[in-house]
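These notes are about the structure you will find just below.
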Amino acid sequence: MGRADYLALGDWNVVCYECGHKFKASMMKRHWQGYWVCPAHWEPRQPQDFVRSVPDNMTPPWVQPMPADTFTFGDLLITESSSLTENFDYISTETFYPLTTET
């Protein structure tokens with residue numbers, strides 16, 4: 001017979017989650033993680049679990065878009081807004097420059 005093997009009206013036997021020993025339910029304490037333990041294994045929750053940090057705003061005060069890519073081919077200036085025309089003879093930029101092709 002163990003120490004919890006006696007009659008106590010309205011009470012029942014339970015086992016400690018930590019040590020596995022038998023106790024009466026009225027002696028058990030609820031652990032902060034949700035399970036029931038004997039008084040020897042009960043511990044309060046760490047106060048550092050409740051510490052709140054100061055919000056850190058990581059956004060910069062101002063931003064600007066990246067400039068368009070610019071490529072040069074000899075005297076020819078090609079930007080992202082440049083495109084080939086239908087007949088592929090000229091590259092459409094601010095001014096038209098003929099493509100030098102050997103025919």
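Would you point out the residue of the range 1-20, among those that are among the hydrophobic types (A, V, I, L, M, F, W, C) and modelled with pLDDT under 90, that is surrounded by the most Cβ atoms within 10 Å (Cβ to Cβ)?
Of all residues in the range 1-20, those among the hydrophobic types (A, V, I, L, M, F, W, C) come to 1, 4, 7-9, 12, 14-16, 19.
Filter once more, so that each one left must be modelled with pLDDT under 90: 1, 4, 7-8.
Working: MET1: 5, ALA4: 17, LEU7: 5, ALA8: 12.
Here the answer is ALA4.
State whether the residues of the range 21-28 include one that is free of Cβ contacts under 8 Å to residues at least 60 places away in the same chain, in a loop (DSSP other than H, G, I, E, B), exposed (fewer than 10 other Cβ atoms within 10 Å of the Cβ) and not hydrophobic (A, V, I, L, M, F, W, C). So that I can check it myself, show each step before the final result.
Filtering the range 21-28 down to residues free of Cβ contacts under 8 Å to residues at least 60 places away in the same chain leaves 21-28.
This time we only want the ones that are in a loop (DSSP other than H, G, I, E, B), so: 21, 28.
Subsequent filtering for residues that are exposed (fewer than 10 other Cβ atoms within 10 Å of the Cβ) retains none.
No, every residue in the range 21-28 fails to be free of Cβ contacts under 8 Å to residues at least 60 places away in the same chain, in a loop (DSSP other than H, G, I, E, B), exposed (fewer than 10 other Cβ atoms within 10 Å of the Cβ) and not hydrophobic (A, V, I, L, M, F, W, C).
The values are calculated or read from the model by the stated rules, or taken from the named source; none is laboratory data. What you see is a predicted model, and the numbers here were worked out from it, not measured in a lab. Positions of Cβ are generated from backbone atoms using ideal geometry, with glycine treated the same way; all protein chains shown enter the neighbour counts.
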